[in-house]
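Below is one structure, written out as structure tokens; comments come after it.
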Amino acid sequence: MSETGQYLFAVTRGLPSDALASVHGFQGEDVRILPCGDLQAVVCTVDLAEFGEDALRANLEDLRWVEQVARTHDDVVRAVAAAAEAAPMRLVTIYADDEGVRRRLEEVRDDLVAALDRVTGRAEWGVKVYVRPDDAPDAPRPRETSGVAYLQSKRAAATARRTADEDAESVARELHEALSGATVASRVLAPQDPRLSGRRERMIHNGSYLVPFERADEFQATATLLGSSRPDLIIEIQGPWPPYSFAVLETG
Amino acid sequence: MAVEYRRPGQTLPGHPSSDSLADILERVLDKGIIIAGDIRVNLLDIELPTVKIRLLVVSVDKAQEMGIDWWRNDPMFNARAEELESENRQLRQRLREIEGSSDEEESR
């Protein structure tokens with residue numbers, strides 16, 4: 001490797017030294033714990049020929065490269081979060097060297113501590129709600145005998161769709177409120193781009209919930225109960241995850 | 001059954017996550033702490049064949065606010081950085097003037 005940098009995966013504290021034994025960084029590099037005062041930076045060395053500014057600009061346009069980096073990033077963050085409270089970084093946060101990492105973390109130390117305090121003993125859960133596609137495709141209509149009849153049937157179909165939409169959205173709201181009972185924080189996100197998710201069904205709710213470990217069962221039970229009352233919806237619960245949505249810096 | 005549980009690959013040794021790419025990208029690109037590194041990543045709307053990805057931008061001004069100024073000693077970046085600093089100072093002053101005058105109007 002010629003010029004190198006330090007890739008920052010997450011900030012944590014009290015992480016045991018063997019917690020990262022099962023994961024690796026990029027290009028076979030080890031993931032290291034860099035002590036920064038009472039915090040720890042989880043980093044690995046990267047080659048700037050691949051992770052430098054110019055290289056990144058090109059590589060970030062390559063979905064295969066992005067996927068590989070994203071999965072490695074997520075795997076390392078998971079390993080950290082499984083062993084201690086973790087503040088995950090967004091993808092590609094890179095410093096010139098260890099000292100650069102330390103200096104930056106020192107500057108935002110208080111915010112980092114607040115973020116870690118917020119997520120200690122808690123995990124993130126994702127809940128996505130889809131409208132199950134109609135089982136019966138549009139029944140073949142007899143050829144409309146008049147323009148009026150044609151427009152009327154179009155309007156009826158649009159009304160039915162709108163009613164279904166409103167209905168689904170109010171359920172999503174209901175679900176969100178009920179789930180928020182077992183949580184300490186929640187975020188409602190934009191529905192995923194179907195081009196990215198590859199899902200045919202329409203997503204009507206995409207929420208992240210910060211749930212204390214001891215309330216995870218209650219959270220799942222609530223979602224199940226709500227879901228079973230609405231067989232026309234698909235409710236997908238994912239978790240537990242590292243707290244990507246909640247270990248955020250409040251200032252700066 | 002209307003509810004599906006998808007447990008992501010737990011942190012078992014050597015057991016990588018089997019989550020969908022959509023879910024992983026949503027986490028690592030749209031979430032997580034935004035903290036400027038030394039390497040500046042540009043904000044781009046990248047149109048890939050099937051995907052649109054948004055990335056973080058760190059402007060020279062914001063980076064300096066956060067104490068990152070490694071380019072100061074680099075002659076290639078020096079002149080431009082100073083221009084931007086000066087421009088930003090002027091813009092901030094102008095903004096203060098505008099906000100100051102609108103505050104006065106509101107309290108009337």
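Some observations on this one:
- Looking only at residues of the stretch A:96-106 that are open to solvent by less than 20 Å² (accessible area, probe 1.4 Å) and facing chain B (nearest Cβ under 7 Å), we find that the one that is farthest from B:ILE35 (Cα to Cα) is A:GLY100.
- Taking first residues from the stretch A:44-68 that are part of a helix (DSSP H, G or I) and partners that are open to solvent by 50 Å² or more (accessible area, probe 1.4 Å) and modelled with pLDDT of 85 or more, the Cβ contacts under 7 Å between residues at least 6 apart in sequence or on separate chains come to A:LEU48/A:GLU3; A:LEU48/A:THR4; A:ALA55/A:ALA49.
- Residue list for the stretch A:207-239, restricted to those being open to solvent by less than 40 Å² (accessible area, probe 1.4 Å) and under 21 Å from A:ALA79 (Cβ atoms): A:SER208, A:LEU210, A:VAL211, A:ALA216, A:GLN238, A:GLY239
- Top-ranked residue in the stretch A:176-198 [being modelled with pLDDT under 75 and of a type in the set (D, E, K, R); ranked as nearest to A:LYS128 (Cα to Cα)]: A:ASP193
- Search result, residues across the stretch B:23-46 that are facing chain A (nearest Cβ under 7 Å) and modelled with pLDDT under 75: B:ARG40, B:VAL41, B:ASN42, B:ILE46
- Checklist (1) at negative phi; (2) aliphatic (A, V, I, L, M); (3) surrounded by 16 or more Cβ atoms within 10 Å (Cβ to Cβ) applied to A:VAL92, failing item: (1)
- Qualifying residue in the stretch A:96-112 (condition: modelled with pLDDT under 90 and assigned to a helix (DSSP H, G or I)): no
- Taking (1) at the interface with chain B (Cβ under 8 Å from one of its Cβ atoms); (2) at pLDDT 95 or above; (3) surrounded by fewer than 22 Cβ atoms within 10 Å (Cβ to Cβ) in turn, A:LEU63 satisfies each apart from (2).
- Filtering the stretch A:107-126 to residues that are within 24 Å of B:GLU26 (Cα to Cα) and at the interface with chain B (Cβ under 10 Å from one of its Cβ atoms) leaves A:ASP111, A:LEU112, A:ALA115, A:GLU124, A:GLY126.
- Candidate set: the stretch A:6-35, residues that are crowded, with 20+ Cβ neighbours inside 10 Å and assigned to a strand (DSSP E or B); chosen: the one farthest from the chain's Cα centre (by Cα): A:GLN6
- Taken over the stretch A:69-95, the criterion of being within 8 Å of chain B (Cβ to nearest Cβ) and in a loop (DSSP other than H, G, I, E, B) is satisfied by A:ARG90, A:LEU91, A:VAL92, A:THR93.
- Selection count, the stretch A:69-78, where residues are in contact (Cβ under 8 Å) with a residue 24 or more places away in the chain and open to solvent by 10 Å² or more (accessible area, probe 1.4 Å): 3
The values are calculated or read from the model by the stated rules, or taken from the named source; none is laboratory data. Given the structure is predicted, the values throughout are model-derived calculations rather than measurements. Please note: Cβ atoms are built from the backbone with ideal geometry, for glycine as well, and neighbour counts cover all protein chains shown. To get the accessible areas, we keep the full protein, side chains included, count just its heavy atoms, and leave off ligands, DNA and RNA. Shrake-Rupley method; radii C 1.70, N 1.55, O 1.52, S 1.80 Å.
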